[in-house]
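Please read the structure below before turning to the comments.
Bear in mind these aren't lab numbers, they're just calculated from the coordinates by the rules spelled out. From a predicted model like this one, the values you see are computed outputs, not experimental measurements. Here the Cβ is made from the backbone with ideal geometry for all residues, glycine too, and neighbour counts use every protein chain on show.
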Amino acid sequence: MIGMNADPESAQELKPRLEKAKVNWRQGLMGEEHPLMDDYQIPGYPTKIVIDPEGVVKFIDHFVDEAQLKEFLKK
């Protein structure tokens, strides 16, 4: 799992917030103007994007919960 962060803060500013939220996966800083925002049609935050091993986007959703995501990943 990789998190892409669109917040305007620097890495130093985000680090304490991510630690407090117990985010234990890699985070990439991209900002709101990054091309990935349009490429993946990010509708809101958090957005979950499932990409298969071949690099094909299989699922994009804004309001999926953990149980729904786990069920989808079984397929």
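Tabulated data
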| read-out | value |
| --- | --- |
| Computed label-point distance, nm, for sites D7 and A67 using a 7 Å Cα→Cβ extension | 2.9 nm |
| The chain: angle of helix 11-20 to the longest principal axis, Cα-based, in degrees nearest 10 | 60 degrees |
| Histogram of C-alpha separations across the chain, 5 Å bin width, % | 3, 13, 22, 25, 20, 12, 5, 0 |
| Additional length obtainable on full extension of the chain from K15 to E32, 0.36 nm per residue less Cα span | 4.3 nm |
| Unit charges on C-beta of K, R, D, E only; dipole of the chain, Debye | 440 debye |
| Of S10, M37, P53, farthest towards positive along the dipole that unit charges on Lys, Arg, Asp, Glu beta carbons give the chain | P53 |
| Contour excess over end-to-end distance, with Cα ends at N24 and Y40 and 0.36 nm allotted per residue | 3.4 nm |
| Bridge type composition, the chain - antiparallel percent by DSSP, nearest 5 | 50 percent |
| For the chain, calculated [θ]222 nm from helices alone, where every DSSP H run of n ≥ 4 adds -39500 (n - 2.57) | -8500 deg cm²/dmol |
